[in-house]
Number of protein chains: 2
Amino acid sequence: MKTLAFSGCLAGAIDCDVHNAVPSVKVLYPYLSDYWQDFMAEAGDPSLEPNYYPVNSAIAARPEARGAGFPPGADPEALIAQVLDRTGAKRAILNCLYGVPALYNEYWAAAMASAVNDWVADAWLSRDPRLSASIVVAPQSPDAAVAEIERRAADGRFVQVLLPARTQMPVGRRYYWPIYEAAARHGLPVCIHAGGGGAGQPPTPAGWPTYYVEEYLAVAQGFQGQLVSLVAEGVFAKVPGLKVVFAESGFTWLPSLMWRLDKNWKGLRREVPWVDRLPSEIIREHLRITLQPLDEPSELRRLVETIDHIQSDQMLLFSSDYPHWHYDAEGPLPAGLSPDAVRNLLFANAERTYRFHA
Amino acid sequence: MKTLAFSGCLAGAIDCDVHNAVPSVKVLYPYLSDYWQDFMAEAGDPSLEPNYYPVNSAIAARPEARGAGFPPGADPEALIAQVLDRTGAKRAILNCLYGVPALYNEYWAAAMASAVNDWVADAWLSRDPRLSASIVVAPQSPDAAVAEIERRAADGRFVQVLLPARTQMPVGRRYYWPIYEAAARHGLPVCIHAGGGGAGQPPTPAGWPTYYVEEYLAVAQGFQGQLVSLVAEGVFAKVPGLKVVFAESGFTWLPSLMWRLDKNWKGLRREVPWVDRLPSEIIREHLRITLQPLDEPSELRRLVETIDHIQSDQMLLFSSDYPHWHYDAEGPLPAGLSPDAVRNLLFANAERTYRFHA
């Protein structure tokens, strides 16, 4: 079994994308009303654990994250030891990926989101002050999402709002704006994380692919569409205080997208007058992206050049994506970065993005 | 009115993406059977001119391409003068974008494809030996497409097969393989050009966007999905002689996509055993991409680095995308390339890709 061999280099890091798992839907029952408990019992205790990383697939999770009787990421002691104690990281943000956004029953979705947040607070955040978490919401119901944000905002252990990358409509649409306004009102970034099921549209504009490798590749294309939507619809003009964090999106596609968007905005800006400066400037100001999984070229020089093409050292946030398995024992940090760049990546950018509790 | 001011630097160039336009659907009638002439007269002489570049939009076509009484690109004399005589280019490949792939009536689509090709041969290719053309086919009916390829293959003035980038299914699907086999059998590359309507799926994985700038940006995402499909489905293993040309796709996204595909193929190659080496190697061998429209960064150095990240000087083909308007009077060629790179880009790569008639 491999171990996390990068302990030395992560001292003081803030790990901005760590996945704690719901071990069984039963742990959420104490946080659900009698009505929803009955409803779920009748439905056979359906689990909403997503299947992006099938639990029984050997390559879906790091070996050290597999414990006896728990799915990877479901054991707080193991997570704290492996993500924090052994690496020297000083903080981790828990993104509990649970299938709330996939529910068509909006009231059930809202109840489940709230139950997950209650459970995260009790079972995780109360256990170690180095843990922070995202607020799970049901983006399909902005009013319920806003209510959930309001309910958590006073608890400084929740540091952002979590949305899925595949949504029923592009995330820039006015329909979602109340979520962004509520988040910004409380100084919370909105994290858009890979996953979600869309509203039946295929994961690529080319149509329904055959193989999982195609679907996995398409995650990056989905994020590209969402970023263009956020900019074109004017979300950042409407909510100037908003920060958006892309998680598990990759980022090597970002320079090319900014070039294309800048160029075509020059020709078409008449239709989006609220985009009143170069889109790339707006993106550099408002977008943050987590590190792993990183689509790394074989030659390090090309990665360093690509990071330079972003033209900002403020955008990348360190993440391990624990317990998922994206890199080898050398660890999650690319080599070849300057000490300043490493400092920004490991914790300084996160400290500028989030308001952490003491 | 601006003129094409890049005459000096294009001597000997092969312009691999030039758009001749059907001036009126009536010019196709002589090439249609009585049945289809009656059918279309009853339907009110429907034009299949696509609306990607609305004729009456001032920014859709270069000013010099606008003549009296013709849509841009519909006057052979003007096109020959502006694309060839004035620039010193030695050859142009005509990609006649006509809405054949959008027709649900497969028999009508096949008849229209054939009529367009007959008309292109008579009205354009017979006029100047420097003109070559793509074979318009109805990809929704691979059998009809194969028949059309067989009908044109002996005419060396047709140098490739033209497919749209938005298709009813991803282009790698086995359904389309007969088209690739027929093309390769006759030494014809398959050009996948921006456009087409898909089968109702949105142009981004995020869903239906609001603004045209979003749809325009999404073209690059669609090509990414199509490239992954071609590789993952094993098209290049099945048809090893096939070359695919992406036209109006942009290419600055290519390095990032190859890095992501190589990485995830390493984890998931078991499901696509026909992909028996790094996907980036397959892509470099089989894919060619036209130059314009180019998503250029503000600093030339970054473009030069991105072209270097492709790790091949064989892939880019010169194109002006005439009569569309993507660059200013400085011309379509990026600066900063070595003389060898310019030579490859302007004509040598095209000569290795296409078999031109004398």
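The values are calculated or read from the model by the stated rules, or taken from the named source; none is laboratory data. Bear in mind the structure is a predicted one, so any value in this text is a computation, not a measurement. Every residue, glycine among them, receives a Cβ derived from its backbone with ideal geometry; neighbour counts consider all protein chains shown.
Observations
- Every residue from the range B:120-166 that is under 20 Å from B:TRP108 (Cα atoms), among the hydroxyl-bearing types (Ser, Thr, Tyr) and assigned to a strand (DSSP E or B): B:SER134
- Given (1) surrounded by fewer than 20 Cβ atoms within 10 Å (Cβ to Cβ); (2) modelled with pLDDT under 95; (3) of a type in the set (Ser, Thr, Tyr), index of the condition A:THR204 fails: (1)
- Any hit, the range B:256-267, residues being among the small types (Gly, Ala, Ser) and surrounded by fewer than 23 Cβ atoms within 10 Å (Cβ to Cβ): yes
- Selected residue [over 20 Å from the mean Cα position of the chain (by Cα), more than 9 Å from chain A (Cβ to nearest Cβ) and touching a residue at least 24 places away in the same chain (Cβ under 8 Å)] from B:ARG152, B:ARG127: B:ARG127
- Given (1) buried (at least 17 other Cβ atoms within 10 Å of the Cβ); (2) out of contact with any strand residue (DSSP E or B) (no Cβ under 8 Å at 6 or more places or on another chain); (3) free of Cβ contacts under 8 Å to residues at least 60 places away in the same chain; (4) within 21 Å of B:GLN226 (Cβ to Cβ), number of the condition B:ALA113 does not satisfy: (2)
- Looking at A:ASP308, A:ASP321, just one residue is within 14 Å of another protein chain (Cβ to nearest Cβ), without any contact (Cβ under 8 Å) to a residue 12 or more places away in the chain and surrounded by 13 or more Cβ atoms within 10 Å (Cβ to Cβ), and that residue is A:ASP308.
- Meets criteria (more than 14 Å from every other protein chain (Cβ to nearest Cβ), among the aromatic types (Phe, Trp, Tyr), touching a residue at least 40 places away in the same chain (Cβ under 8 Å) and crowded, with 19+ Cβ neighbours inside 10 Å) for B:PHE356: no
- Scanning the range B:304-358 for residues that are closer than 18 Å to B:ARG62 by Cα and either outside any loop (DSSP other than H, G, I, E, B) or touching a Phe, Trp or Tyr at 6+ places or on another chain (Cβ under 6 Å) (or both) returns B:HIS324, B:GLY331.
- Residue that is farthest from the other protein chains (Cβ to nearest Cβ), among those in the range A:247-283 that are touching a residue at least 24 places away in the same chain (Cβ under 8 Å) and over 21 Å from B:GLY250 (Cβ atoms): A:ALA247
- Of all residues in the range A:208-232, those being in a helix (DSSP H, G or I) and either more than 7 Å from chain B (Cβ to nearest Cβ) or more than 19 Å from the chain's Cα centre (by Cα) (or both) number 10.
- A:LEU337 hydrophobic (A, V, I, L, M, F, W, C) and either surrounded by 21 or more Cβ atoms within 10 Å (Cβ to Cβ) or at the interface with chain B (Cβ under 10 Å from one of its Cβ atoms) (or both): no
- Whichever residue in the range A:166-175 is at pLDDT 95 or above and surrounded by fewer than 24 Cβ atoms within 10 Å (Cβ to Cβ) and, among such residues, is nearest to the other protein chains (Cβ to nearest Cβ): A:ARG173
- Single residue of A:GLU281, A:GLU248, A:GLU299 found to be within 17 Å of B:ARG260 (Cβ to Cβ), surrounded by fewer than 23 Cβ atoms within 10 Å (Cβ to Cβ) and out of contact with any Phe, Trp or Tyr (no Cβ under 6 Å at 6 or more places or on another chain): A:GLU299
- Search result, residues across the range A:68-82 that are touching a Pro at 6+ places or on another chain (Cβ under 9 Å) and not in a loop (DSSP other than H, G, I, E, B): A:PHE70, A:ALA78, A:LEU79, A:GLN82
- Odd one out for B:TRP274, checked against (1) outside any helix (DSSP H, G or I); (2) over 19 Å from A:TYR212 (Cα atoms): (2)
- Verdict on B:LEU163 being surrounded by 17 or more Cβ atoms within 10 Å (Cβ to Cβ) and touching a residue at least 60 places away in the same chain (Cβ under 8 Å): yes
- Tally of residues being part of a helix (DSSP H, G or I), of a type in the set (A, V, I, L, M, F, W, C) and surrounded by fewer than 24 Cβ atoms within 10 Å (Cβ to Cβ) across the range B:83-108: 3
- Here B:PRO240 does not qualify as within 14 Å of chain A (Cβ to nearest Cβ) and either within 30 Å of B:GLU296 (Cα to Cα) or modelled with pLDDT of 95 or more (or both).
- Scanning the range A:277-286 for residues that are part of a loop (DSSP other than H, G, I, E, B) and of a type in the set (A, V, I, L, M, F, W, C) yields one hit, A:LEU278.
- Matching residues, the range A:167-207, being in a strand (DSSP E or B), free of Cβ contacts under 8 Å to residues at least 60 places away in the same chain and either among the β-branched types (Val, Ile, Thr) or closer than 30 Å to A:GLU351 by Cβ (or both): A:VAL190, A:ILE192, A:THR204
- Scanning the range A:287-303 for residues that are part of a helix (DSSP H, G or I) and either within 10 Å of chain B (Cβ to nearest Cβ) or touching a strand residue (DSSP E or B) at 6+ places or on another chain (Cβ under 6 Å) (or both) turns up A:ARG301, A:ARG302, A:LEU303.
- Test: residue in the range B:48-65 that is within 24 Å of B:ILE289 (Cα to Cα) and without any contact (Cβ under 8 Å) to a residue 24 or more places away in the chain: yes
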